[in-house]
Amino acid sequence: MKTILQKKKLRVLFWGILLLFLVMQAYPVVWLVTSSFKPNLQIASEPFALPVGLTLENYQNVILKSNIFTYIKNSTIVSGISLLAIVIFSSMASFAISKMIFRGSKRIFEYFLIGLTIPYAVTLIPLYIMYSKVGFIDTYLSVIFPLVAFQLPVSVLLFTNFYRFIPNAIIEAAIIDGTSIWGIYFKIITPLSVNTIVTVLAMNFITVWNDYTFSLVFLNSNSMKTISVGLQDFIGARGLTDWGATFASICITTLPTLALYFILNKKITSGMTLGAVKS
């Protein structure tokens, strides 16, 4: 009897802690969304109160009076090119490391992993000097190159762990049938790694879309700003901030990330766990 009561108490405690964490995670998002519909006067006087009257004025100001669509376009271009390059380079490198036997493959894999230990900040000055000499400042490439470089290590790690899960017998059979290396990669490896590709895309999309450091340092003109830097437009003279428009713009810019996660949630989970088990 005591054992049953103890199990019930532990279950109640478990669900209570889980509910507490859920509230802690959900509250900032709910507060952000509700604040985006508040008038600026209420945000200033009662920032944590429920909205008295919902208003679309903040969204109208963002859409009609700001350059948010230009910033979204720039972020889309940077994110699209960066993600395509990350998937192609990391998947090919991982295929070579895990399935093509050659001297030094482990060293190359370790070289990629070293990139996980390098912080963004230490590269800003060298990159800025190099970009200024070759004319890359205030161009998409100035942001795309470092984003791809810094996201390759974790992507290579994910792809390599998955490719090691694929039996070598499949590749050996394809070679016996006369399939080339490129044929093996595109016709066998790529279709089998769809879940991992989706996982890499989703994980890197969040980082690339929300990039602030490289965009702030290397992009100067308003026509080239990405969305993370463009949010500064709502900060006026002497630090006065249009909080209603800021919250509305944040809600608009987070929609792609949330939509991508909820649509691809199952594939992301499958891709994260598939290479963790050896048969």
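Quick note: the coordinates plus some simple rules give every number you see, no bench work behind them. Owing to the predicted nature of the structure, the values given are computational and were not obtained by experimental measurement. When we count neighbours, we look across all protein chains shown, and the Cβ atoms used for this are built from the backbone with ideal geometry, even at glycine.
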- Item | Those aspartates and glutamates that a straight Cα-Cα span of less than 15 Å connects to Lys38, excepting residues fewer than 8 apart in one chain | Glu46, Glu57, Asp242
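Can you tell me the FRET efficiency between Glu57 and Ile263 if r is taken as the Cβ-Cβ distance and R0 is 45 Å, rounded to the nearest 0.05?
0.90
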- Query: In sequence order, what are the phi-derived ³J(HN,Hα) couplings for the range 165-178 according to the Karplus relation 6.51 cos²θ - 1.76 cosθ + 1.60 with θ = phi - 60°, rounded to whole Hz, with x for glycine and proline?
  - Reply: 7, 6, x, 5, 4, 5, 5, 5, 5, 5, 5, 4, 6, x
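Using the per-residue mean of other Cβ atoms lying within 10 Å as a proxy for protection, in what order, highest first, do the peptides 38-46, 97-105, 147-155 fall?
Those peptides, ordered most packed to least, come out 147-155, 38-46, 97-105.
Here are some pairs, Lys73/Lys99; Lys99/Lys133; Lys73/Lys106; Lys73/Lys133; Lys187/Lys225; which of them have Cα atoms lying more than 31 Å apart in this structure?
Values: Lys73/Lys99 38 Å; Lys99/Lys133 40 Å; Lys73/Lys106 40 Å; Lys73/Lys133 27 Å; Lys187/Lys225 39 Å.
Among Lys73/Lys99; Lys99/Lys133; Lys73/Lys106; Lys73/Lys133; Lys187/Lys225, the Cα-Cα distance tops 31 Å for Lys73/Lys99; Lys99/Lys133; Lys73/Lys106; Lys187/Lys225.
If the only charges are +1 at each Lys and Arg Cβ and -1 at each Asp and Glu Cβ, what is the size of the charge dipole of the chain around the Cα centre, to the nearest 20 debye? Don't skip to the end; give the middle numbers.
Working: 20 positive and 9 negative charges, 229 e Å.
Charge dipole of the chain: 1100 debye, to the nearest 20.
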- Task: Select one label from [x] 1.00; [y] 0.97; [z] 1.07: the one whose number is Rg/Rh (Cα atoms, Kirkwood Rh) as derived from the coordinates shown.
- Result: [z]
- Note on the structure: Measuring from its Cα centre, the range 99-230 shows a charge dipole (+1 at each Lys and Arg Cβ, -1 at each Asp and Glu Cβ) which, in debye to the nearest 20, is 220
- Note on the structure: Checked against the positive end of the charge dipole of the range 1-113 (+1 on Cβ of Lys and Arg, -1 on Cβ of Asp and Glu, about the Cα centre), the farthest of Val33, Phe109, Ser79 is Phe109
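What does the helix-only formula give at 222 nm for the chain: each DSSP H stretch with n ≥ 4 adding -39500 (n - 2.57), the total divided by the residues, and the result rounded to the nearest 500 deg cm²/dmol? Intermediate values should be presented prior to the final figure.
Values: 14 runs with 200 residues, N = 279.
Per the formula, -23000 deg cm²/dmol.
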- Task: Round to the nearest 10 and give me the degree value, 0 to 90, for the angle of helix 2-36's Cα axis relative to the longest principal axis of the chain.
- Result: 60
- Sequence ranges 135-143, 15-23, 122-130, 206-214, ranked by mean other-Cβ count within 10 angstrom, highest first: 206-214, 135-143, 122-130, 15-23
- Which residue, chosen from Phe136, Thr190, Asn161, occupies the Cα position most advanced towards the positive end of the dipole of the chain, where the dipole is computed from +1 (Lys, Arg) and -1 (Asp, Glu) charges on Cβ about the Cα centre? Asn161
- Task: Please get the size of the charge dipole for the range 1-144, origin at its Cα centre, with Cβ charges of +1 on Lys and Arg and -1 on Asp and Glu, quoted in debye to the nearest 20.
- Result: 940
- Item | Under-5 Å amide H pairs with Thr241, H placed in peptide plane, nonlocal only | Gly236
